[in-house]
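Taking it in order: structure first as C-alpha cells, then the write-up.
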Amino acid sequence: MSKVKVAINGYGTIGKRVADAVSLQDDMEIIGISKTRPNFEAKTAALKGYNIYAPADKIDSFKNDGYTVAGSIEDMIKEADIVVDCTPGKVGVSNKALYEKEGVKAIWQGGESKDIAPISFNSEANYSEAIDADYVRVVSCNTTGLCRVIYPLDQKYGVEKVRVTIVRRGGDPGDIKSGPIDALVLDPIKLPSHHGPDVKTIMPHINITSAAIKAPTSFMHLHVLNIKLKNECNAEDVKSLFASRPRIQMIADGISATAQIIEFGRDLGRPRNDMWENCVFKESVSVDDGELYFFQAIHQESDVIPENIDAIRAMMSLEKDNLKSIEKTNKAMGIGI
Ligand code: NAD
C-alpha cells in the first residue's frame, strides 16, 4: 500500500515536530514543508532532506540564499493527500479556502477557533469521530493534557465536576518575543479561561471550570486539578488507572519540578527533550473528602504531536481502532519509558 502523502504548512515549534513524527511512521510520508523565511529552521529542514516550499513571492529569496525550492505553497498542497496546518494561531484560518479549492484534507492546531473544523480531536476520547473526516482541529496542548486524564476518569468513575488552575509557560524556549519576564499574569482575569470550554468541544457532558495564569517559565505548563467523581475510589486506584493509559507518565524518582522533568527528558535522550506524555506527579495524587487532587505537567511543544499522527490515520481511514493507532504511533516515536 502506498504511503499517505502529508504536507506541513508552517514549520515552527509544532510543524517541525509533526514532520519528524510522520517520518517515523510506515504508513505516511512527508512530501514537503513550507517556510516563509530562509532562517535556521529552513536550514535544518534542508539538512533533514525535506522538500522545501515557499510563498511564490519568496522563492527567489530562498534561492539567493542557496536553497533548492520545490515550488510554491500552492504546489505543495496540490501534491498532498492531507495537510497539517501548523501556522501560528489565527493564521491557519486564512489557508482554508486553498485547502478547499485543492480538495485536500486538513488538520489545524489548537490556536485556531473551534469553528474552523467540525471535529475537535483527542486520540483517546473521540478518535472515531475523525474517521474519514475532511477537516479536524487537534486541540491545544493544555486541552489535550486535560482530555487525557478526564476521559479515563470519566469512563471508570464518572466525573461530576472538574476544577483546574493552569500555570502557563510564558513562551516557548526559542521564542524571543513573549513574556512575562517578571510577573504572574492573570490569563484572562475573567473566568473561565478558554481551556474548560475547549475540553467540552470533545466531551460536551463534562462539567469543568478553568482558570489560567501566565508565568515566567518556558519549560512546561503545570495543572492543579481538583475533580469530584461520581463513584468512590482511592488514590491508589487513580494511580493504577493513570499508569495504564498509553500517554500518561507517572513522574516519581524525586522529581518535584518541571525543570527536572525536562532534565529527565534530556537524560532519556528524547529528541529536543520532548515529553509527549502527560507528566502526572505520582505522589501528588490524593483523595480527600471524596475529591481527587493532583498536579500534572504538560510539555507544550510536544504533547500534541502524537495526536496529529493519530488524526492523520483516522482521517485517511488507515486504522479504525484508536488504541491500535495510539500503540503504533507510540511505538514508532518511542513514547513510554
Ligand atoms: P510557531 O510560531 O513556532 O511556528 C509557526 C510557523 O509558521 C513559523 O515557522 C512561521 O514562520 C510559519 N508561518 C507563519 N505564517 C505562515 C503562512 N501564512 N504560511 C506558512 N507558514 C507560515 O508556532 P507554533 O507554536 O508551532 O504554533 C502553531 C500552532 O500550534 C498554533 O495554532 C498554536 O496555537 C498551536 N500550538 C502551539 C503549541 C506551543 O506550545 N507552541 C502547543 C500546542 C499547539
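The values are calculated or read from the model by the stated rules, or taken from the named source; none is laboratory data. The model shown is predicted, which means the values in this text are computed figures rather than measured ones. Neighbour counts run over all protein chains shown; Cβ positions are idealised from the backbone, glycine included. Protein only, heavy atoms only, side chains kept; ligands, DNA and RNA dropped before computing areas. Shrake-Rupley method; radii C 1.70, N 1.55, O 1.52, S 1.80 Å.
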Where does the charge balance sit around THR217 when Lys and Arg score +1, Asp and Glu -1, over other residues with C-beta under 15 Å from its C-beta?
-3
Sorted by chain and number, the residues with a modelled amide H under 5 Å from that of ILE208, at a separation of 5 or more or across chains, are VAL162
For the chain, what is the mean residue ellipticity at 222 nm derived from helices alone (per DSSP H run of n ≥ 4: -39500 (n - 2.57); sum divided by total residues; nearest 500 deg cm²/dmol)?
-9500 deg cm²/dmol
What's the local net charge at GLY66, with K and R +1, D and E -1, over the other residues with C-beta under 15 Å away?
+3
Taking +1 at the Cβ of each Lys and Arg and -1 at the Cβ of each Asp and Glu, which of GLN249, ALA80, PRO188 sits farthest along the dipole of the chain towards its positive end, judged by Cα position relative to the Cα centre?
PRO188
Interatomic Cα distance distribution for segment 1-99, bins of 5 angstrom, percent
2, 14, 26, 26, 19, 9, 2, 0
What FRET efficiency comes out for ASP57 versus SER94 if R0 is 25 angstrom and r is the Cβ-Cβ distance? Round to the nearest 0.05.
0.95
Helix 13-23 versus the longest principal axis of the chain: what is the Cα-based angle in degrees, 0 to 90, to the nearest 10?
80 degrees
Kirkwood Rh for segment 272-337 from C-alpha pairs, in Å, is 13.7 Å
Hey, got the dipole for the chain? About the Cα centre, +1 on K and R Cβ, -1 on D and E Cβ, debye to the nearest 20?
380 debye
Nearest 10 degrees is fine. How inclined is helix 258-267 to the longest principal axis of the chain, computing both from alpha carbons?
60 degrees
Read phi for every residue in segment 177-185 and hand back ³J(HN,Hα) as whole Hz from Karplus 6.51 cos²θ - 1.76 cosθ + 1.60, θ = phi - 60°, with x for Gly and Pro.
10, 8, x, x, 8, 8, 6, 10, 9
From Cα coordinates alone, what are the radius of gyration and Dmax values for segment 162-248 in angstrom?
15.6, 47
At what distance in nm do the modelled label points of LYS48 and HIS205 sit from each other, each positioned 7 Å from its Cα along Cα→Cβ?
4.0 nm
Across the chain, what fraction of all alpha-carbon pairs, as a whole percent, falls in each successive 20 Å bin from zero upward?
31, 58, 10, 0
Value in Å of the Kirkwood radius, where segment 221-268 supplies the Cα pairs that are averaged
12.9 Å
Between LYS190 and GLU160, 0.36 nm times their residue separation minus their Cα-Cα distance comes to what?
8.5 nm
Any chance you could look up the accessible area of VAL287 with a 1.4 Å probe, heavy atoms only, rounded to 10 Å²?
50 Å²
DSSP loop (so not H, G, I, E, B), at most 16 other Cβ within 10 Å: list which trypsin sites (Lys or Arg not before Pro) in segment 1-103 pass both filters.
LYS3, LYS90
Note: ALA252 to GLU74 extended length (0.36 nm per residue) minus current alpha-carbon separation gives 59.3 nm
Taking the 0 to 90 degree range and rounding to the nearest ten, how far is the long axis of helix 235-244 tilted relative to the main principal axis of the chain, both from C-alpha atoms?
20 degrees
Positive minus negative residues near PRO180 (Lys, Arg vs Asp, Glu; Cβ under 15 Å):
0
Hey, what do the phi angles of segment 153-165 turn into as Karplus ³J(HN,Hα) couplings, whole Hz, using 6.51/-1.76/1.60 and θ = phi - 60°, x for Gly and Pro?
5, 5, 4, 8, 10, x, 9, 8, 7, 10, 10, 9, 10
In percent, what relative contact order does segment 109-259 have, based on Cα pairs under 8 Å that are 6 or more apart in sequence?
27 percent
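Below 8 Å, C-alpha to C-alpha, sequence gap of six or more: please give me the relative contact order for the chain in percent.
Values: 689 pairs, mean separation 57.7, N = 337.
Relative contact order here is 17 percent.
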With 0.36 nm assigned to each residue of separation and the Cα-Cα distance removed, LYS101 to LYS228 gains 41.0 nm
Taking a probe of 1.4 Å, how large is the accessible area per residue of the chain, in Å²?
44 Å²
Going from most exposed to least, what order do GLU277, GLU102 have by accessible area with a 1.4 Å probe?
GLU102, GLU277
Cα-based Rg and Dmax for segment 100-189, in Å, come out at 16.6, 47
How would segment 91-244 be classified by its alpha-carbon gyration tensor: rounded, prolate or oblate, with rounded meaning a/c under 1.5 and the a/b versus b/c comparison settling the rest?
oblate
